[in-house]
Amino acid sequence: ETPTPGGATASGNGPVAVISLAAQGAIANGVDTTATATATNDIVAAVTGRKIKVLAMFASQASGTSFKFQSNATTELTNAITTTASDLNVVWPYNPSGWFQTASGEKLNFVPATSVATNINLVYILI
């Protein structure tokens, strides 16, 4: 095991490392949901005094469109992410620093541009 910033430990060979979130006092959570409405879809509930940090994400859409993530249905966390008929999947691999996070005490929302069935899988921590 190799110490990393923040007191976590990493082990592995080459460019792949396994990070121990427990060493950082965090436990990874997952969500698997399907959103179909063009309206804001709540995908992780707010937790008082905590931020939701997304560490990995996979989305698969039934047809090409765009989507974004918001904090509390008001603050943009990502730009529009576009899929096409030839590429309906979006994968953000595990990122120990996180891809984005909500504001403290705010829920995480998924907002598709059009009404398209979208399967969303997230790995997140509460910080």
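The values are calculated or read from the model by the stated rules, or taken from the named source; none is laboratory data. As the structure is a computational prediction, the values presented were derived from the model and not from experiment. Neighbour counts are summed over all protein chains in view; Cβ atoms, including those assigned to glycine, are modelled from backbone coordinates with ideal geometry. The area values use the complete protein model at the heavy-atom level, side chains included, leaving out ligands, DNA and RNA. Shrake-Rupley method; radii C 1.70, N 1.55, O 1.52, S 1.80 Å.
A few points about this structure:
- Between residue 58 and residue 80, full extension at 0.36 nm per residue minus the direct alpha carbon distance yields a gain of 6.4 nm.
- Working from label points 7 Å from Cα in the Cα-to-Cβ sense, the residue 113 to residue 66 distance is 0.4 nm.
- Portion, in percent, of the accessible area of the stretch 60-127 that falls on carbon or sulfur, probe 1.4 Å: 51 percent
- Solvent-accessible area per residue for the stretch 46-127 (1.4 angstrom probe, square angstrom): 46 Å²
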